Amino acid sequence: GTLLDVNEYRFMPDYEPDKSELASRDVVSRRMTEHMRKGFGVPSPYGEHLWLDIRHLGEKHITTNLREVYDISTHFLGVNPIHQLIPVRPTHHYSMGGVRINKDGHAYGLEGLFSAGEAACWDMHGFNRLGGNSLAETVVAGGIIGRHIVEYLQGTETTYSTAIVNAEVRRQQQRIDDLI
């Protein structure tokens, strides 16, 4: 698809001439935000947006290969993307943040605190969601960091109070009971 502004002008080639809309998601999102800040967003009661145009792909392609886009557009937006533009805006996809940890999963400057998965920022690349690898990365990080936690705790006497955990379990069970 192509991104269009309030004037139905395709702006991405101006910012990213080589890749246009095929630039990485973070680049496209930044360029969309930049373009809207320049006053080219489409005003709406729900805030400014831009347009995504997939009309040129045709009905067959949209209703088969892009079925989810078609369903979301028609059911939630009341827009038929075969004939109409789809309102879109940049949004947060994931965070590359978390507790800053060393190669062993130990937090810098916080003795005894370890982190793994999406709660961690490992020097590799943050154990984030890049490429949809969050599950695989979490499993790998859990194995590596779990071994280091065991090493850290060996020969150490550790006492944990379970009162907070038990109170939270009761609170969550009450929420579930209330829902049922």
### Query
Peptides 2-8, 43-49: what's the order by average Cβ count within 10 Å, highest mean first?
2-8, 43-49
### Message
Using 0.36 nm times the number of residues separating Ile164 and Glu59, minus their current alpha carbon distance, what extension gain do you get?
### Response
32.2 nm
#### Entry: Additional length obtainable on full extension of the chain from Gln173 to Asp18, 0.36 nm per residue less Cα span
50.4 nm
### Task
Leaving ligands, DNA and RNA out of it, report the carbon-plus-sulfur percent of the accessible area of region 1-65 at a 1.4 Å probe.
50 percent
### Message
Please report the antiparallel percentage of DSSP beta bridges with both residues in the chain, rounded to the nearest 5.
### Response
85 percent
### Query
Given springs between every Cα pair under 10 Å in a Gaussian network model of the chain, which of Thr162, Thr74, Thr138 has the largest fluctuation?
Thr162
### Task
Please list, in chain and number order, the residues 5+ apart from Val42 or on another chain whose amide H is under 5 Å from its amide H, with Hs placed from the backbone.
Val6, His49, Leu50
### Query
How about Lys19: which lysines have a C-alpha closer than 27 Å to its C-alpha, ignoring those fewer than 8 places off in the same chain?
Lys38, Lys60
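The values are calculated or read from the model by the stated rules, or taken from the named source; none is laboratory data. Everything numeric in this text was worked out from a predicted model, so none of it was measured. No Cβ is skipped: glycine too gets one built from the backbone with ideal geometry, and neighbour counts run over all protein chains shown. Accessible surface is based on the protein model in full, side chains and every heavy atom, while ligands, DNA and RNA are left aside. Shrake-Rupley method; radii C 1.70, N 1.55, O 1.52, S 1.80 Å.
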